[in-house]
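Read through the structure below, which is laid out as structure tokens, and then see the notes.
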Amino acid sequence: MRKGLIWPLLAVPLLALMPAAQAAALQRVRGAIESVAPDHIIVQDRTGARVNVHLSDPLTVLIVTPLDGSGVRVGRAAAVVVKQARDGSLVAVQVLALPDSLVDGRDGGEIWDLRPDNRMLVGEIASTGRRNGTAELTISGREGTKVVALPADTPVALVQMAARSDLKVGEAVVLVGFISPDGSVSADRVVVSPKATADPTPSG
């Protein structure tokens with residue numbers, strides 16, 4: 001499986017599983033940290049705009065790093081972005097290996113930056129195997145049990161819990177937060193990734 005992060009197609013599915021009615025009040029921010037204070041960070045986004053991000057308390061900080069195929073193993077919690085093939089079967093687009101603490105309550109809902117033909121399965125990898133020369137995963141989650149084809153070039157990444165201290169000047173981050181009346185953004189979850197500013201943001 002190809003090493004690499006997931007930003008070209010999905011800007012961290014773990015950030016924005018919020019009701020659609022709230023979507024108009026949300027802003028997605030992706031860029032580099034320009035300054036850090038105890039309760040906020042300034043992020044320069046890829047347009048050059050400076051965004052004041054208030055950090056909620058408690059705050060969840062995550063770090064996403066590339067992972068090779070060995071990270072796709074039975075018993076591991078995962079978020080799998082899938083598309084439907086012409087025959088109706090599911091094909092993996094990306095795989096995120098998750099800490100167990102991120103699984104409960106985070107599957108389903110509205111996810112920003114997924115392509116229109118993609119959806120997400122979150123659960124435990126119940127089994128692995130091969131069919132017609134292609135690897136397969138069986139994902140057990142709230143949607144039941146789903147079998148997903150896993151092409152050899154599917155990017156895999158590892159999501160790990162981090163701390164406020166990992167939010168440092170120069171680090172690339174991605175987040176979704178509520179827009180305040182003064183134009184600042186309030187976020188309770190920030191993801192750090194070296195690829196967060198390098199890849200194009202999908203439309204939609």
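Scanning region 10-41 for residues that are at pLDDT 90 or above and small (G, A, S) returns G31, A32, S35, A37. Scan region 62-80 and tell me whether some residue there is within 30 Å of D182 (Cα to Cα) and surrounded by fewer than 20 Cβ atoms within 10 Å (Cβ to Cβ). So far as region 62-80 goes, yes, one or more of its residues are within 30 Å of D182 (Cα to Cα) and surrounded by fewer than 20 Cβ atoms within 10 Å (Cβ to Cβ).
Collect the residues in region 166-195 that are in a loop (DSSP other than H, G, I, E, B) and within 17 Å of D45 (Cβ to Cβ), keeping them in residue-number order.
L167, V169, G170, E171, S180, G183, S184, S193, P194, K195, listed by residue number.
If the condition is being acidic (D, E) and part of a strand (DSSP E or B), then region 125-159 contributes only E136.
Kindly evaluate R115 against the criterion of being within 17 Å of A79 (Cα to Cα), in contact with a Pro (Cβ under 8 Å, 6 or more places away or on another chain), modelled with pLDDT under 90 and of a type outside the set (V, I, T). Against the criterion (within 17 Å of A79 (Cα to Cα), in contact with a Pro (Cβ under 8 Å, 6 or more places away or on another chain), modelled with pLDDT under 90 and of a type outside the set (V, I, T)), R115 qualifies. Return the residue satisfying two criteria in turn: it lies in region 140-180 and is under 21 Å from S70 (Cβ atoms) and among the polar types (S, T, N, Q), and of such residues it is surrounded by the most Cβ atoms within 10 Å (Cβ to Cβ). Top of the filtered list is T154. All told, I63 meets the bar of being modelled with pLDDT under 90 and either of a type outside the set (D, E, K, R) or under 26 Å from A163 (Cα atoms) (or both).
The values are calculated or read from the model by the stated rules, or taken from the named source; none is laboratory data. Only a predicted model underlies this, so the values are computations on that prediction, with no experimental measurement involved. Neighbour counts are summed over all protein chains in view; Cβ atoms, including those assigned to glycine, are modelled from backbone coordinates with ideal geometry.
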